[in-house]
Amino acid sequence: MRLGWKLTDRPPPICDYEGSDYQETFWDAGGRAYEDRCEEIALRRLLPTAGELLLEIGAGAGRNTPRYKNYRRVVLLDYSRTQLQRAQERLGSGNGRYIYVAADVYALPFVVGLFDAATMIRTLHHMADAPRALQQVRQVLRPGAVFILEYANKRNLKAIIRYWLRRQAWSPFSLAPVEFARLNFDFHPRAIRRWLQDNRFAAQRTLTVSHLRVSILKRALPTGVLVGIDSLAQLTGDWWQLSPSVFVRAEALGPSPIASPGEFFRCPACQQARLVEHPGSLTCSACSREWPVEAGIYDFRVR
Ligand SMILES: C[S@@+](CC[C@H](N)C(=O)[O-])C[C@H]1O[C@@H](n2cnc3c(N)ncnc32)[C@H](O)[C@@H]1O
């Protein structure tokens, strides 16, 4: 497996959510109860009934975190410190169950083979180098771990119709990601399957989600009715994918290393696990880099 990138490599750009009121404007006041409830159903269907340590990648303000209640501990990882602060305000420490980590998905600060589960919901669509992000995720999972990935589907029904009517220039059928706004990408389901396979994930189940994400329908029909229809339509996901959002449950294939007991973080700059704890920081004894820990948030951002 290819190792993670070093600081000398040029890292892909990050879609910056620092200071954003995403949770409040997009979810709480954004009229997206339908999407939120559809995603809740998909997660319930895909999540294992019990587990030890789950990594939530791009956790944002923790909208989905309470849905991981079957896991003993959850690491909320996000590049934006202010998003993690919002999550902290909403969720607290969960009696020590929640661990808050500011870090870049392209340079994860964990030892190899640590987690028995990971989720990445509404986050891959910000990845300019999605295969590289998936490769990082695979590294920190142990063999047999479950990975639930949500991605924005470029080959959705609306995009196909718009393309056929010549109201959209890009083809929903080509495998390349489409960047419809800066650092916002839609992906082709076949490209995602290929990248998962290349990174030694076996896709087990696919659910198509939010089929009825159309404002006129959302205005005309009660949310409960739309959610009920979507809940049934989700079950066709293994056969075809025409919805704007797709959830895949994949298993990390072995053989691959498992973290030793007591190991957790590793330095994202030099990739050594020899981190020494001081009050308010961790220091890497290999490269001397210092990583702050402030107000309950580990800060491993390298740039
Ligand atoms: C659209 S929000 C989704 C938040 C949450 N998963 C949800 O569904 O409500 C995307 C999140 O991904 C985070 N993000 C974007 N690029 C990242 C990166 N390279 N590393 C870590 N987090 C990243 C952003 O800070 C943001 O909080």
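Just so it is clear, none of the values below were taken in a lab; they were calculated from the coordinates. Note that this is a predicted model, so its numbers are computed, not measured. Neighbour counts run over all protein chains shown; Cβ positions are idealised from the backbone, glycine included.
Once both axes come from the Cα atoms, what is the angle between helix 130-140 and the longest principal axis of the chain, in degrees from 0 to 90, rounded to 10?
Between the helix axis and the principal axis of the chain, the angle is about 50 degrees.
What per residue convex hull volume, in Å³, do the alpha-carbon atoms of region 1-90 yield?
Details: hull volume 12.8 nm³, N = 90.
Output value, Cα hull per residue: 142 Å³.
Label-point separation (nm) for N184 and Q204, each offset 7 Å from Cα along Cα-to-Cβ?
Simple spin-label model gives 3.3 nm for this pair.
Nearest 5 percent is fine: what portion of the DSSP beta bridges confined to the chain is antiparallel? Provide the component values of the computation, followed by the final result.
Working: 28 of 52 bridges.
Restricted to the chain, the bridges split so that about 55 percent are antiparallel.
Of the listed peptides 73-82, 278-287, what is their order by residue-averaged count of other C-beta atoms within 10 Å, with the highest listed first? Please list the in-between numbers first.
Details: 73-82: 22.5, 278-287: 13.4.
Top of the packing list down: 73-82, 278-287.
Please list the radius of gyration and Dmax for region 1-157, considering alpha-carbon atoms only, with Å as the unit.
15.2, 44
Along Cα→Cβ, 7 Å out, is where each label goes; now give me the distance between the ones at A176 and W240 in nm to one decimal.
According to this spin-label approximation, the distance is 2.7 nm.
Any number yet on Rg/Rh for region 41-109, C-alpha, Kirkwood? List each step's numbers first, then the result.
Values: Rg = 11.6 Å, Rh = 12.2 Å.
The Rg/Rh ratio comes out at 0.95.
If you take the C-alpha gyration tensor of region 181-234, multiply each eigenvalue by 5 and take the square root, what semi-axes do you get, largest first, in whole Å?
On the way: eigenvalues 175, 54, 8 Å².
Over the Cα atoms of region 181-234, the semi-axes work out to 30, 16, 6 Å.
Determine, from the Cβ-Cβ distance of T82 and I216 and an R0 of 25 Å, the FRET efficiency 1/(1 + (r/R0)^6), rounded to the nearest 0.05.
0.10
Relative to the longest principal axis of the chain, what angle (0 to 90°, nearest 10) does the C-alpha long axis of helix 33-46 take?
60 degrees
Starting from the Cα-Cα distance between V302 and K69, subtract it from 0.36 nm times their residue separation and give me the gain in nm to one decimal. List each step's numbers first, then the result.
Details: separation 233, 0.36 × 233 = 83.88 nm, distance 3.06 nm.
80.8 nm is the gain from fully extending V302 to K69.
With the crude spin-label approximation of a point 7 Å out along Cα→Cβ, what separation in nm comes out for A295 versus A169?
So the label points at A295 and A169 sit 4.3 nm apart.
So what is log10(I(q)/I(0)) for region 198-261 at q = 0.14, 0.24, 0.29 1/Å, when the Debye sum runs over its Cα atoms only?
Log-scaled intensity ratios, in q order: -0.54, -0.98, -1.18.
Mind grabbing the base-10 log of I(q)/I(0) for region 22-263 at q = 0.11, 0.12 Å⁻¹? Debye formula, identical points on the C-alpha positions, no solvent, two decimal places.
Those come out to -0.57, -0.68, one per q.
Evaluate the charge dipole of the chain about its Cα centre and quote only its size in Debye, nearest 20, assuming +1 on the Cβ of each Lys and Arg and -1 on the Cβ of each Asp and Glu.
Values: 41 positive and 29 negative charges, 194 e Å.
Value, rounded to 20: 920 debye.
Any chance you could list P(r) for region 118-180, counting all Cα-Cα pairs in 5 angstrom bins from zero, rounded to whole %?
4, 16, 22, 18, 14, 12, 8, 4, 2, 0
Could you calculate the FRET efficiency of T223 with E89 from 1/(1 + (r/R0)^6), where r is the beta carbon distance between them and R0 is 30 Å, rounded to 0.05? Spell out each step's value before the answer.
Details: r = 26 Å, r/R0 = 0.88.
It comes to 0.70.
Starting from the Cα gyration tensor of region 81-206, multiply each eigenvalue by 5, take the square root, and state the resulting semi-axes largest first in whole Å. Mind showing how you got there, number by number?
Numbers: eigenvalues 184, 71, 31 Å².
Working from the Cα gyration tensor, I get semi-axes of 30, 19, 12 Å.
R0 = 25 Å: FRET efficiency of A29 with K158, Cβ-based, nearest 0.05?
Details: r = 24 Å, r/R0 = 0.96.
E(calc), rounded to 0.05, equals 0.55.
How many angstrom separate the Cα center of region 167-244 from the Cα center of region 48-64?
That distance is 21 Å.
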